[in-house]
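What follows draws every value from the coordinates through simple rules; no lab data is involved. If you're wondering where the values come from, they're calculated on a predicted model, not measured in any experiment. With ideal geometry, Cβ positions are generated from the backbone for all residues, glycine too; neighbour counts draw on all protein chains shown.
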Amino acid sequence: MVVIVDSGATKADWIALDDKGEQVFFTQTLGLSPEVLTREVIEDRLANNFELSKNSNKVKQLFFYGAGCGTERMRRFLKKIFKAFFPKAKAEVREDTFAAIYSTTQVGHQGIVCILGTGSNCSYYDGHQMFQKVVSLGYIPMDDGSGNFFGRKLIRDYYYHKMPQDLAMKFSTEYNLDADVIKENLYKQPNPNTYLATFARFLVENKDHPYCKGVIDKGFQQFINNHVMQFELATKVPVHFVGSIAHYLKDELQAVVERNDLVLGVIRQRPIDGLVEFHKQTI
């Protein structure tokens, strides 16, 4: 059995294939980002999933693509956990950027591939290899244009009284904005980046409000400036996007992409389907 995983910071999609490439099961866990989770939390998320626990001894190969797996130390950390949970499996751990590349760009074709989900990232693919100009430092100093980026912006504007009053009243009725609750989730609970990203739903649902339009536009422009434009071929190759933010705000994203004379490629909410097709070629 081969298991293919696309893990963002919020959730992870797991698909198991048999020797003929037929799907055995599909399941989900919460995200398994090693940058923000302890070994114990990751082990619990694996053990509490029925399909994974039931089939742990049947897995012969594991392809895991995950947020927070950009350094060798984080990849080794996850491999040790997977080795214990899937004792017969050979595990390959790569950062989620590769999942985005394999699900949007054909081998031999160039493109810039961006992730705009709970977090954000950007890479250039020359048709065979991936190149990055910016090393991500995580959700606190980076993640431009992502769900947690927009969530942080909304909370700050609300508390600094920069959010229009009509929108602020609506925001306060939909979320618990008590300072103690926010600080508890940011500084004491796991996955603070995922918590911040939950507020991005409000931005999507109110995207036609002038304030929200401005926040979205500036956030996407910041991502283009700081990430996409790092590459000399930015205006000459397709720019692809994966992730929930890119999907639900695709019209707004397209406007910013075209304004910067970029060529919009594929926008895909979940990379897992394209990722499975990629791996089926090697089974």
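Based on C-alpha pairs under 8 angstrom that are at least 6 apart in sequence, the stretch 96-247 has a relative contact order of 35 percent.
Where Rh is the Kirkwood radius over the Cα pairs of the stretch 144-283, the temperature 37 °C and the viscosity 0.692 mPa s, what D in µm²/s does Stokes-Einstein return? The calculation lands on 197 µm²/s. Under 5 Å between amide hydrogens, built in the peptide plane, is the criterion, and for S56 it picks out nothing among residues at least 5 positions away or on other chains. Excluding same-chain neighbours fewer than eight residues apart, the lysines reachable from K60 by a Cα-Cα span under 20 Å are K20, K79, K80, K83, K88, K90, K280. Only helices enter the 222 nm calculation for the chain: every DSSP H run of n ≥ 4 contributes -39,500 (n - 2.57), and dividing by all residues gives -12500 deg cm²/dmol, rounded to 500. With both residues required to sit in the chain, DSSP beta bridges show an antiparallel share near 50%. Annotation: extensible slack from A47 through L137 equals 29.5 nm (criterion: 0.36 nm per residue apart, minus Cα-Cα distance).
Among K183, K153, a tally of other beta-carbon atoms within 10 Å of each Cβ gives an order, fewest to most, of K183, K153.
The trypsin sites (Lys or Arg not before Pro) of the stretch 191-271 that meet both conditions, a loop assignment by DSSP and at most 16 other Cβ atoms within 10 Å of the site Cβ, are K207, K236. Sorting L30, L249 by the number of Cβ atoms found within 10 Å of their own Cβ, with the fewest placed first, yields L30, L249. For the stretch 65-166, taking Cα atoms only, Rg and Dmax work out to 17.4, 58 Å respectively. A cut-off of 5 Å between modelled amide H atoms, ignoring neighbours fewer than 5 places along the same chain, links C122 with I115.
Charge tally for V93 (other residues, Cβ to Cβ under 12 Å; Lys, Arg +1; Asp, Glu -1): +4. Total lysine pairs in the stretch 125-277 at Cα distances under 25 Å, for residues eight or more apart or on different chains: 27. Exposure proxy shown here: for E174, E72, the number of other Cβ atoms within 10 Å sets the order, fewest to most, as E72, E174. Using the empirical formula 2.2 N^0.38 Å as the baseline, the Cα radius of gyration of the chain reaches a ratio of 1.02. Just report the Cα centroid separation between the stretch 47-63 and the stretch 15-42, whole Å. That distance is 8 Å. With Cβ to Cβ distances under 11 Å as the rule, what net charge do the other residues near L30 carry (K, R +1; D, E -1)? Surrounding charge for L30 is +1. Close amide H pairs (under 5 Å, H built 1.01 Å from N) link K11 with G31, residues at least 5 positions away or on another chain. Whole-Hz Karplus values for the stretch 217-231 come out as 4, 5, x, 5, 5, 5, 5, 4, 4, 7, 10, 5, 6, 5, 8 Hz, taken residue by residue from phi with 6.51 cos²θ - 1.76 cosθ + 1.60 and θ = phi - 60°; glycine and proline positions read x.
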